[in-house]
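Chemist: Have a look at this one.
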Amino acid sequence: MTVAVPAAVSPAPLIELDRACVIRGQVRVLHDLSLRIAQGQHTALLGPNGCGKSSFIKLITRELYPLAHADGTVAVKVLGQNRWQVDRLRSQLGIVTGDLSANLSDMPGLTVEEAVLTGFFASFVVPAFREVTADMRERARQALALTGALPLLARGYAELSAGETRRVLIARALVNRPQALLLDEPSTGLDLVARQQLISTMRSLATQGITLVLVTHHIEEVIPEIERVVLLRAGRIVADGPRAELLRDAPLSEVFGGPVRVQEHNGHLTAFAD
């Protein structure tokens, strides 16, 4: 008797856009974006200010919605689903943005431990009616240790430097043990030492099975583990391919609208405007 062996089921894409269009006010900020990012595929979306990076992030986090397709097809899916509860989405896809940092800084008396614990509740404070368990506190400590921020545990969040804030925000995103992290311009405002610490943290996470989706205009943030690059300009994808092909003078000069020169040292890239 022959027993049929079920075919292996491929995991759903982490992010899937099908001709996604977004209008803000009277302006179309994303034009027919089609993009598929597989789980495990570290990817950088790169482009100048105003290219649509922020709108892309808000599309994934459900702060913006795409225009409906006339044929009824779905324009945006995350992990194979087009409808998500916000707290469940963030438990699968950790979000690290500057907007989140500003909101947490406004919370009076919020400690670093409490800031990380809020990640369990998708809020800016620990809700008074929700129990914080010993397991949650342990996972918060583990996440802080993973980003090198455990010594900050009892500090006030509003007192942190920009570099310390980034490490705490990444820890906050990690407490739910997500499959992926979506990072929005993570090194903005960091000094040289803090930026290097951040890059080391990103490289460590990339080797631990956490998919990184990096949205940036800083070439230096595209760590060697990120092998796919998507170039955006004026709300459109102008190139999508291997970092070895796209993080070069000609493609970057085209997308940034001026001469760009790229230097590489031990896999780390630096870009200069000529």
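The values are calculated or read from the model by the stated rules, or taken from the named source; none is laboratory data. In this text the structure is predicted, and so the values were computed from the model without any measurement. Heads up, the Cβs are rebuilt from the backbone with ideal geometry, glycines too, and the neighbour counts pull from every protein chain shown.
Chemist: Mind checking which pairs have a first residue in the stretch 211-222 that is surrounded by fewer than 19 Cβ atoms within 10 Å (Cβ to Cβ) and a second that is polar (S, T, N, Q) and in a helix (DSSP H, G or I), Cβ under 7 Å, 6 or more apart or different chains?
Modeler: Matching pairs, first to second residue: none at all.
Chemist: Please give the number of the condition Gly80 fails out of (1) in contact (Cβ under 8 Å) with a residue 60 or more places away in the chain; (2) surrounded by 14 or more Cβ atoms within 10 Å (Cβ to Cβ); (3) over 21 Å from Ile23 (Cβ atoms); (4) not hydrophobic (A, V, I, L, M, F, W, C).
Modeler: (2)
Chemist: For the stretch 219-274, give me the residue count where each residue is of a type in the set (A, V, I, L, M, F, W, C), more than 18 Å from Ser187 (Cβ to Cβ) and assigned to a loop (DSSP other than H, G, I, E, B).
Modeler: Total satisfying the criteria: 1.
Chemist: Residue check: is Ala194 assigned to a helix (DSSP H, G or I) and at pLDDT 90 or above?
Modeler: Judged against the criteria, Ala194 is not a match.
Chemist: Tell me whether the stretch 143-163 contains one or more residues that are of a type in the set (Asp, Glu) and over 18 Å from the mean Cα position of the chain (by Cα).
Modeler: The answer is yes; a qualifying residue exists.
Chemist: Would you please list the contacts, defined by Cβ atoms under 6 Å and residues six or more apart or on different chains, that run from a residue in the stretch 241-262 that is farther than 19 Å from Arg228 by Cβ to a residue that is of a type in the set (Ser, Thr, Tyr)?
Modeler: Going by the 6 Å Cβ cut-off, the qualifying pairs are Pro259/Ser253; Val260/Ser253.
Chemist: Another question about this same structure. For Pro186, work out the one condition from (1) touching a Lys or Arg at 6+ places or on another chain (Cβ under 8 Å); (2) in contact (Cβ under 8 Å) with a residue 40 or more places away in the chain; (3) part of a helix (DSSP H, G or I) it doesn't fulfil.
Modeler: Answer for Pro186: the failing condition is (3).
Chemist: Follow-up. Among Leu64, Leu117, which is the only one that is part of a helix (DSSP H, G or I), buried (at least 19 other Cβ atoms within 10 Å of the Cβ) and among the hydrophobic types (A, V, I, L, M, F, W, C)?
Modeler: Going through Leu64, Leu117 in turn, the sole match is Leu117.
Chemist: Can I ask one more? Is there a residue being out of contact with any helix residue (DSSP H, G or I) (no Cβ under 9 Å at 6 or more places or on another chain) and either among the aliphatic types (A, V, I, L, M) or buried (at least 19 other Cβ atoms within 10 Å of the Cβ) (or both) anywhere in the stretch 184-207?
Modeler: Within the stretch 184-207, the first condition is being out of contact with any helix residue (DSSP H, G or I) (no Cβ under 9 Å at 6 or more places or on another chain), and the residues that meet it are 192, 196, 200, 203, 206-207.
Next cut, either among the aliphatic types (A, V, I, L, M) or buried (at least 19 other Cβ atoms within 10 Å of the Cβ) (or both) only: 192, 206.
Yes, the conditions are met somewhere in the stretch 184-207.
Chemist: A further question on this structure: Taking the residues in the stretch 99-114 that are outside any helix (DSSP H, G or I) and surrounded by 14 or more Cβ atoms within 10 Å (Cβ to Cβ) as candidates, determine which candidate is modelled with the highest pLDDT. Outline the logic, then answer.
Modeler: Going through the stretch 99-114, the residues outside any helix (DSSP H, G or I) turn out to be 106-111.
When the remaining residues are screened for being surrounded by 14 or more Cβ atoms within 10 Å (Cβ to Cβ), the result is 107, 110-111.
On the way: Met107: 86, Leu110: 91, Thr111: 94.
Restricting to residues being outside any helix (DSSP H, G or I) and surrounded by 14 or more Cβ atoms within 10 Å (Cβ to Cβ), the top hit is Thr111.
Chemist: Here's a follow-up. Hey, among the residues in the stretch 83-98 that are aliphatic (A, V, I, L, M) and part of a helix (DSSP H, G or I), which one's modelled with the lowest pLDDT?
Modeler: Val86
Chemist: Spot the failing condition for Val27; the list is (1) loosely packed, with under 12 Cβ neighbours inside 10 Å; (2) hydrophobic (A, V, I, L, M, F, W, C); (3) in contact with a helix residue (DSSP H, G or I) (Cβ under 9 Å, 6 or more places away or on another chain), and only one is missed.
Modeler: Status for Val27: all satisfied but (3).
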